[in-house]
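Colleague: What follows is a structure written as structure tokens; I'll ask about it next.
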Amino acid sequence: MFEIIGERINGLFYDIRDAIANKDPKPIRDWAVKQAEAGAFWLDINTGPVAKKSEQAEIMAWLVKTAQEAVDLPCCIDTTNWDAIEEGLKVHKGKALINSTTAEQAKMDALFPMAANYNAAIVGLAMNEKGVPKSAEDRTALAMELVANADAYGISPVDLYIDPLVLPVNVAQEHGPECLEALRQVKLLSNPAPKTTVGLSNISQKAPNRPLINKTFLAMAMVCGLDSAVMDACDEDLVDTAATATIILNQSIYCDSYLKIFRQK
Amino acid sequence: MAVTIAKERWTSKVAEEAYGSQGIKVGGETTLPFLQFEGEIPNRPVTALEVFDTEPKDYPDFLREPFADVISDPVAWARKVVELGADMVALRLMSAHPDWNNASAQDVAKTAKAVAEAINVPLIVIGCGVEDKDGEILPVVAEALEGQKALIGCVTANNYKSITAAANGYGHYVIASSPLDINLCKQLNILINEMGLPLDRIAFDPLVGALGYGIEYAYSIMERARMGALTGDKTLATPIVAFIGQEAWKAKEAKDADAPEWGPQGDRAILWEVTTATTFAIAGANIFIMRHPESIKKFNAFVDEAMKSNAY
């Protein structure tokens, strides 16, 4: 079952930024409902770049609560601020997804115990203090560090979402095949295999034809073992592409209504 | 060295349904059939014996024998199959068939009601098999059986609307039937569900074949549907109905009385029906509609063993 992580509740978007500034729950609720109806499995929640660090934790808690009042979906708590992650987890109903740790030891040692403590899933980025590796092998090696450390903290691979890191195709073209190959290798790291995820729209940053690039990459990545993506759940073509890929990969049983069924949880 | 036993980690389950005022439970499993070491099998497969609302035309003598005194009286026949140990009664409304008696909806509904009131087990009502006619008679039957929580079928892609609406309104379950095709099977469940009948009020019939007559096709469909259900496909996570008797008794190995080289008809006919049933029990079927009382006895002996927990 492919998991769409709806990207829209993010302070990068002006309507969400204003909603945060005015404590107006309506846009948050509306986007929660819209994305749920469009087929989102998780709601990504990101306070955005303008929120002051000292206020991020409080804002995160408010966003999570507001979104979950509107719909019965779990949240992907998307911030680099550890206090904000924990405040989000405290108010979250059900199993949350922490977004994210890297393979840096200090981060893993802080965030894996937190995930275990709140019974949350967690995204692990295949990068460390040296940045994003170029080759598939190096990405996979970092993924292995993430799997091993998660295991040491009692987190099952099925709760670990490895992100091999997608770079924009217009500036880092050589990363494309490496990222796809890393997806294939990550799925072989353990049994059960770790889950995988990407920030989909990175692939098309500042390029024309963004929707086309996004959906082409999504289909290619799904063939390589992509289980989920932070993406625009309201892009109908993109969701149709994911639905069709699950059918062609024989991950769900075909029926004439498959596009509709894919969006139902 | 310790051996690590591989266990599948399923994430979902088959819907549990409860038929009749008695609430006989079916389904609810969280793993493939009888793998108690992997998950829960809360309810055993159930059997039904068929009762015709008018004297059947194609029953071989050997099959008529146990019902000889009741074969033209559906109420008495129904009481008898309950005595003989069937968990449910499957009333087949053949009299409505245009080539049989072409009985009216009101007539068959009256019989269905009389049978329901005469027994203390849940009722399955099966139409005459002509889609249009079943679309006419089954809604009337559903109304007459209000409150009985009966299982009504077969609903097909061509007649599901009227029957589903009535089953929903009068509190029944439907049997959704599709021709040996998992994609059509899934689509029909979806169409029925979209009319407002919850998925846990549907059981599906993938159309089975008897031993030697395409049994492997239906086996594969059931197995695929079960794996789909256990990995989260709710549209296929409904109990499965298998029309065992109807198929097994079509086989010449079962109905041919005069074939000494195959041994006594009694032995092989029962074996044919039981082997067909046990095969589909292993594939994932939940409700077994059979014809001979001896077959359900033998089948239940198998189920008794299969239901003993192998958890460790």
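The values are calculated or read from the model by the stated rules, or taken from the named source; none is laboratory data. All values reported here derive from a predicted model rather than from experimental measurement. Every residue, glycine as well, gets a Cβ built from its backbone with ideal geometry; the counts of neighbours run over all protein chains shown. Calculation scope for accessible area: heavy atoms of the full protein, side chains included, ligands and nucleic acids excluded. Shrake-Rupley method; radii C 1.70, N 1.55, O 1.52, S 1.80 Å.
Colleague: Within the range B:122-135, take every residue that is closer than 22 Å to residue B:55 by Cα and either assigned to a helix (DSSP H, G or I) or of a type in the set (A, V, I, L, M) (or both) and give me the one that is nearest to the chain's Cα centre (by Cα).
Modeller: Filtering first and then ranking leaves B:124.
Colleague: Another question about this same structure. Hey, among A:172, A:193, A:182, which residue is of a type in the set (A, V, I, L, M) and either crowded, with 23+ Cβ neighbours inside 10 Å or outside any loop (DSSP other than H, G, I, E, B) (or both)? Before the answer, list the steps.
Modeller: Details: A:172 fails: either crowded, with 23+ Cβ neighbours inside 10 Å or outside any loop (DSSP other than H, G, I, E, B) (or both); A:193 fails: either crowded, with 23+ Cβ neighbours inside 10 Å or outside any loop (DSSP other than H, G, I, E, B) (or both).
Within the list A:172, A:193, A:182, the selection yields A:182.
Colleague: While we're looking at this one, here's another question. Considering only residues that are outside any helix (DSSP H, G or I) and either more than 17 Å from the chain's Cα centre (by Cα) or of a type outside the set (A, V, I, L, M, F, W, C) (or both), which ones fall in the range A:20-43?
Modeller: We begin by selecting, within the range A:20-43, every residue outside any helix (DSSP H, G or I); these are A:23-24, A:39-43.
The answer is A:23, A:24, A:39.
Colleague: Look at residue B:25 and say whether it is of a type in the set (Lys, Arg) and either more than 21 Å from residue B:224 (Cα to Cα) or at pLDDT 95 or above (or both). Break it down into steps so the answer makes sense when it comes.
Modeller: Details: of a type in the set (Lys, Arg): yes; either more than 21 Å from residue B:224 (Cα to Cα) or at pLDDT 95 or above (or both): yes.
Spelling it out, residue B:25 is indeed of a type in the set (Lys, Arg) and either more than 21 Å from residue B:224 (Cα to Cα) or at pLDDT 95 or above (or both).
Colleague: Residue check, residue B:167 against (1) more than 24 Å from residue B:113 (Cβ to Cβ); (2) away from chain A (no Cβ under 12 Å), all met but one. Which one?
Modeller: Only one criterion is unmet by residue B:167, namely (1).
Colleague: Does residue A:223 count as closer than 30 Å to residue B:223 by Cβ, open to solvent by 20 Å² or more (accessible area, probe 1.4 Å), in contact (Cβ under 8 Å) with a residue 24 or more places away in the chain and more than 14 Å from every other protein chain (Cβ to nearest Cβ)?
Modeller: Yes; evaluated as a whole, the condition is true for this residue.
Colleague: Taking the range A:1-53 as the region of interest, how many residues are acidic (Asp, Glu) and touching a Pro at 6+ places or on another chain (Cβ under 9 Å)? Spell out the reasoning first.
Modeller: Residues of the range A:1-53 that are acidic (Asp, Glu), as a first pass: A:3, A:7, A:15, A:18, A:24, A:30, A:37, A:44.
Among the residues that remain, those that are also touching a Pro at 6+ places or on another chain (Cβ under 9 Å) are: A:15, A:18.
Going through the range A:1-53 one residue at a time, the tally reaches 2.
Colleague: Hey, can you tell me all the residues within the range B:17-42 that are in contact (Cβ under 8 Å) with a residue 60 or more places away in the chain and either under 20 Å from residue B:243 (Cα atoms) or β-branched (Val, Ile, Thr) (or both)?
Modeller: B:17, B:18, B:19, B:20, B:24, B:26, B:27, B:30, B:31, B:33, B:41
Colleague: Further question on the same structure: Can you report the number of residues in the range B:36-81 which are polar (S, T, N, Q) and surrounded by fewer than 19 Cβ atoms within 10 Å (Cβ to Cβ)? Lay out the reasoning, then the answer.
Modeller: Residues of the range B:36-81 polar (S, T, N, Q): B:36, B:43, B:47, B:54, B:72.
Now narrow it down to the ones that are surrounded by fewer than 19 Cβ atoms within 10 Å (Cβ to Cβ): B:36, B:72.
Total meeting the criteria: 2.
Colleague: Kindly evaluate residue B:34 against the criterion of being of a type outside the set (Ser, Thr, Tyr) and more than 26 Å from residue B:112 (Cα to Cα). Working first, answer last.
Modeller: Details: of a type outside the set (Ser, Thr, Tyr): yes; more than 26 Å from residue B:112 (Cα to Cα): yes.
So residue B:34 passes the test.
Colleague: How many residues does the range A:8-19 hold that are in contact with a helix residue (DSSP H, G or I) (Cβ under 7 Å, 6 or more places away or on another chain) and either farther than 16 Å from residue A:70 by Cβ or part of a strand (DSSP E or B) (or both)?
Modeller: Step one: list which residues in the range A:8-19 are in contact with a helix residue (DSSP H, G or I) (Cβ under 7 Å, 6 or more places away or on another chain), which gives A:8-11, A:15-16, A:19.
If we keep only those that are either farther than 16 Å from residue A:70 by Cβ or part of a strand (DSSP E or B) (or both) too, we end up with A:8-11.
Here the count works out to 4.
Colleague: Mind checking whether some residue in the range B:174-184 is in contact with a Cys (Cβ under 6 Å, 6 or more places away or on another chain), open to solvent by 10 Å² or more (accessible area, probe 1.4 Å) and in a helix (DSSP H, G or I)?
Modeller: Yes, because at least one residue in the range B:174-184 is in contact with a Cys (Cβ under 6 Å, 6 or more places away or on another chain), open to solvent by 10 Å² or more (accessible area, probe 1.4 Å) and in a helix (DSSP H, G or I).
Colleague: Now for a separate question. With closer than 23 Å to residue A:229 by Cα and surrounded by fewer than 18 Cβ atoms within 10 Å (Cβ to Cβ) as the only criterion, which of A:58, A:37 stands out?
Modeller: Numbers: A:58 fails: closer than 23 Å to residue A:229 by Cα.
After applying the criteria, what remains is A:37.
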